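Working notes, structure below.
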There are 2 protein chains.
Amino acid sequence: MTSPQPAETRTQGRSTQSATLAEIARAAGVSAPTVSKVLNGRADVAPATRSRVEELLRAHGYRRRRAEATRSPLIDLVFHELESAWAMEVIRGVENVARDAGLSVVLSESAGRLTPGRSWADQVAARRPHGVVLVLSGLDESQRALLTSRSIPFVVMDPAGDPGTDVPSIGATNWQGGLAATRHLVELGHRRIGAISGPSRMMCSRARVDGYRAALETAGLPVDPELITAGDFHHEAGYRQGLALLRRPDRPTAVFAGNDLQALGLYEAARELGLRIPEDLSVVGFDDLPVARWVGPPLTTVRQPLTEMAEAAARLVLDLGRADGSAAATRVELATSLVVRSSTAPPASARAETSGEG
Amino acid sequence: MTSPQPAETRTQGRSTQSATLAEIARAAGVSAPTVSKVLNGRADVAPATRSRVEELLRAHGYRRRRAEATRSPLIDLVFHELESAWAMEVIRGVENVARDAGLSVVLSESAGRLTPGRSWADQVAARRPHGVVLVLSGLDESQRALLTSRSIPFVVMDPAGDPGTDVPSIGATNWQGGLAATRHLVELGHRRIGAISGPSRMMCSRARVDGYRAALETAGLPVDPELITAGDFHHEAGYRQGLALLRRPDRPTAVFAGNDLQALGLYEAARELGLRIPEDLSVVGFDDLPVARWVGPPLTTVRQPLTEMAEAAARLVLDLGRADGSAAATRVELATSLVVRSSTAPPASARAETSGEG
């Protein structure tokens, strides 16, 4: 009240913001402090009032000004599911960047839903992190509006669906990876090559299988739809789909699995049917998790630089926070690379021909 | 200032606290708001002032009253290192309890140090979580004092060192696990059984090896110190220590590994030396990570209920927060159990005798 600050400065520093906040308050028929409460994610606002205010914030494209948004030293990291060693690689990447920036990482799981729940968005609005990294998980329109109105930037890593051109995202060259994996098998002499894919609603799965198809087609080999199966990204799916593929009378001599966990499930299916890897069956995975080196035989796989991708996503979200809030949306794809180990070899027929035992 | 609240109530509600806070302020030669700033982890306090105030808070055993400690909807989870699939099981457990309680999990890594850094403690004090779960990681005296003065409860999961009787902790019956693993090998007929242990500074490693020794001794078998090696808990250590053990002229016919990752390293060492599992070498691991089921052959191991332990730790820390702040320290050990799969079998000599081929 007795501040020595000149009146001009105060007006200059606050006018635009106050006007907008006041406008929202007037339109909603509430006080400005109530709008502030909603913006700060406070619980003491009636649900009906809250949604009226949120709706108006969205309609007006309200965006909290940077200087006012006192941030907590946190980065939010949201997973679709926290199930596998895959997640560990991602956590490590975000943790690396956060530590260097003096931030801590808040971990959430959207628990099998592909977009995190509404209460999650409220919690994020209340804790005001520097940014949000979403892994295989998207935001719906109202959640995006909520984060945008609070000037909380977000980045999607390895999007499950099409993230839209206006959403910054970090991916890997999945199509190239599928192509490289399948070409490797073709070059070894395989002609009947199966594929186990991840969920078709995930773009990364589709891209991998499309790369597989492209490799077959460019090699002049037929694409047999019966040899392409789909499951989720877990070990169990690799095992079940693997059993189905390997029990066929015309079973494939090689399989490109959707990821390393599926490849391990496929190993189990092969063991159960008495098929040796790579003598009777060649297997290529995707990801190059630490375990790929440890299994017997060590797995040939497409390396996806998960930790580096997570680091890139975390860096991008911090950059967006430092920029003026309207930084151009970006899509970055980091390169995949084939790592050849011991689970791939020429098919028995090719070896037999070479050695004349056929 | 113009509050209609009766004077008595105000005095009653604040006297004890104010007196103490005021005392601290007087002793430190600062204002009461400055002490508040230190308590709230605010950055705008000179370092010298901060440490003087912290010292006095500690000396006076100051404890922020529950009602005043407005908590954030967070649980802090601190790892010694975020390296393995092991960590994933723990994260999942804490996440389960946090989700049910409407809390989010903040993840930190003490990055190879066994106690998290000083700035970590300041950050925790500033964000005021409901509690802190420390995994294989301890707190030093000043960190404990800092959390205690803010009434932030903490629990240590699977302590690396002796946590002290006044620190609530959740562990597993490591000694029983070592005993069960080794007895299983003795019952199969093994007489020369090696052990690869984790770091000797971690109580869980010591307990496992002690259980191994007890099994040998109670079976009347000699304990050969040359067959007991130590490394860290990673794959690489299992590989190196495994090579050393298996290259001995009097190599063991079975090895009890310190954990599953070491067991996988041992698998690799055996493969490299052309030894078959379980025909030439029996292997038992510890933890029962998902991968134990997936490797070839599937690993016999001691199951440690990591997710359940993490859930118990998170529940305990929330209970401590609800209690009056001086709840009795607790030590809970969850049971381990032997899971027999395909990596263990009678030694070749025993099989030869039985089949008369010896």
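Quick notes on this one:
- B:L216 surrounded by 18 or more Cβ atoms within 10 Å (Cβ to Cβ) and over 24 Å from the mean Cα position of the chain (by Cα): yes
Conditions tested, residue by residue: (1) of a type in the set (D, E, K, R); (2) modelled with pLDDT under 70; (3) surrounded by 20 or more Cβ atoms within 10 Å (Cβ to Cβ).
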position: A:S3; (1), (2), (3): no, yes, no
position: A:E23; (1), (2), (3): yes, no, no
position: A:V38; (1), (2), (3): no, no, yes
position: A:E55; (1), (2), (3): yes, no, no
position: A:R63; (1), (2), (3): yes, no, no
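- Candidate set: the stretch B:277-293, residues that are outside any loop (DSSP other than H, G, I, E, B) and either over 13 Å from B:S342 (Cα atoms) or touching a residue at least 60 places away in the same chain (Cβ under 8 Å) (or both); chosen: the one nearest to the other protein chains (Cβ to nearest Cβ): B:V291
- Residue match in the stretch A:218-236 (condition: modelled with pLDDT of 95 or more, closer than 19 Å to A:Q304 by Cβ and assigned to a helix (DSSP H, G or I)): no
- Qualifying residues in the stretch B:256-269 (those that are outside any strand (DSSP E or B) and more than 9 Å from chain A (Cβ to nearest Cβ)) - the one surrounded by the fewest Cβ atoms within 10 Å (Cβ to Cβ): B:A269
- Any hit, the stretch B:301-308, residues being within 14 Å of chain A (Cβ to nearest Cβ), within 25 Å of B:V78 (Cβ to Cβ) and either touching a strand residue (DSSP E or B) at 6+ places or on another chain (Cβ under 8 Å) or not aromatic (F, W, Y) (or both): yes
- Some residue of the stretch A:270-277 being small (G, A, S) and on the phi > 0 side of the Ramachandran plot: yes
- Unmet requirement for B:R213, which otherwise passes all of (1) in a helix (DSSP H, G or I); (2) in contact (Cβ under 8 Å) with a residue 60 or more places away in the chain: (2)
- Within the stretch A:77-92, residues that are more than 9 Å from chain B (Cβ to nearest Cβ) reach partners that are part of a strand (DSSP E or B) and crowded, with 20+ Cβ neighbours inside 10 Å with beta carbons closer than 6 Å, at six or more positions or on different chains, in the pairs A:V78/A:S108; A:V78/A:L134; A:F79/A:E109; A:F79/A:V135; A:V90/A:V135.
- Some residue of the stretch A:110-120 being within 8 Å of chain B (Cβ to nearest Cβ), modelled with pLDDT under 85 and more than 30 Å from B:L289 (Cβ to Cβ): yes
- Scope the stretch B:119-147; condition in contact (Cβ under 8 Å) with a residue 40 or more places away in the chain, surrounded by fewer than 19 Cβ atoms within 10 Å (Cβ to Cβ) and of a type in the set (S, T, N, Q); matching residues: B:S142
Yes/no per residue for (1) modelled with pLDDT of 95 or more; (2) surrounded by fewer than 17 Cβ atoms within 10 Å (Cβ to Cβ):
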site	(1), (2)
B:G238	yes, no
B:A244	yes, yes
B:R271	no, yes
B:A292	no, no
B:P297	no, no
B:Q304	no, no
B:A312	no, no
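The values are calculated or read from the model by the stated rules, or taken from the named source; none is laboratory data. This one's a predicted model, so the numbers in the text were calculated from it and none came from an experiment. Positions of Cβ are backbone-derived with ideal geometry, glycine not excepted, and every protein chain shown enters the neighbour counts.
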